[in-house]
Amino acid sequence: MYQSRHKVDFVYEDRDIIAVDKPDGLAVISGRGSREKTLYDIVSSHIERTNPHGRAALVHRIDRDTSGIMIFAKHARAKKALMDNWNELVKERVYVALAEGEIRADSGTYDSWLTENRAGEVWQTKPEAPGSLRAITHWRRLSGDARYSLLELSLETGRKHQIRVQLASDRHPVAGDQRYGARTDPAGRLCLHAHLLVLEHPFTHEILRFESKVPDCFSRVLSRSPESRRKN
């Protein structure tokens, strides 16, 4: 047993699955050659308290610097059921992002094609380009000013770095996302949060709703901005 500097909240658990609220800055799994403690290690350690031979089973991921809701399976049967039917079982996935610049429209949809190279770099490409995947994100503006826009983004597809690449391609990168061209880091972190996940349980078929509070630092950035006097 070990203590992690990252606080992980366990928001739901039954005999098949666990839902956790992941802090930003914590890797989900370790990279090649890395010995750092990960979210996977923390969840496995939690499972081992009641099942010494148990280990967490990874069924999806969010980025190290993204915070919010993640699901783990507790055994191989649950992992297979979730991974084989993920798109059907996930009823809703909603993120909140603080994006650079002013987005004046109330809502919209990003519908683009993404491709990735061997180094893990993702970018937008031509529709149906070889090796590309279609990415669809519906968004609405929650608030903002001339410097930043607070957005709610609902995923229709779940591609790697989908929200980050689509916002960057629209010249509104996620604040703090230097990898995809952000010019500012107002909260000392990537300003992207997995806010809501609605899941049909793979065995009981109960509809489960997991929600994580949007980090206060997102709204604090807007409140201290000189342009925050603008009415939203």
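None of the figures in this text is laboratory data; all of them are computed from the coordinates on show. Since the structure is predicted, the reported quantities are computational estimates derived from the model, not experimental observations. Note that we place each Cβ from the backbone using ideal geometry, even for glycine, and neighbour counts take in every protein chain shown.
For region 85-98, the Karplus equation 6.51 cos²θ - 1.76 cosθ + 1.60, evaluated at θ = phi - 60°, returns couplings of 10, 4, 5, 7, 7, 7, 8, 7, 9, 10, 10, 10, 9, 9 Hz by residue, with Gly and Pro reported as x. Here LYS7 is the anchor, and the lysines within straight C-alpha reach of less than 16 Å, apart from those fewer than 8 places off in the same chain, are LYS22, LYS37, LYS213. Pairs of alpha carbons in region 1-84 separated by more than 21 Å make up 24% of all such pairs. Taken over region 45-111, the percentage of Cα pairs per 5 Å bin, counting from 0 up to the bin with the maximum distance, is 3, 12, 17, 18, 17, 13, 8, 6, 5, 3, 1.
Length gained on full extension, GLU102 to TRP123, computed as 0.36 nm times the residue gap minus the Cα-Cα distance: 5.3 nm.
Within the straight-line cut-off of under 20 Å between alpha carbons, the lysines reachable from LYS126 are LYS160, sequence neighbours fewer than 8 places apart in one chain being disregarded.
Shape analysis of the chain based on the Cα gyration tensor places the equivalent ellipsoid semi-axes at 30, 21, 18 Å, largest first.
Counted residue by residue at 0.36 nm each, then reduced by the alpha carbon distance between them, the extension gain from GLU36 to ARG77 reaches 12.0 nm.
Suppose R0 equals 45 Å. What FRET efficiency, 1/(1 + (r/R0)^6) with r the Cβ-Cβ distance, do ASP170 and GLU13 give to the nearest 0.05? According to the calculation, E is roughly 0.75.
Could you run the Debye sum over the Cα atoms of region 85-178, one equal point scatterer each and no solvent, and tell me log10 of I(q)/I(0) at q = 0.19, 0.22, 0.24 Å⁻¹, two decimals? Treating every Cα as an identical point scatterer, log10 I(q)/I(0) equals -0.91, -1.13, -1.25.
Sorting 111-122, 144-155 by average packing, meaning the other beta carbons within 10 Å per residue, from highest down gives 144-155, 111-122.
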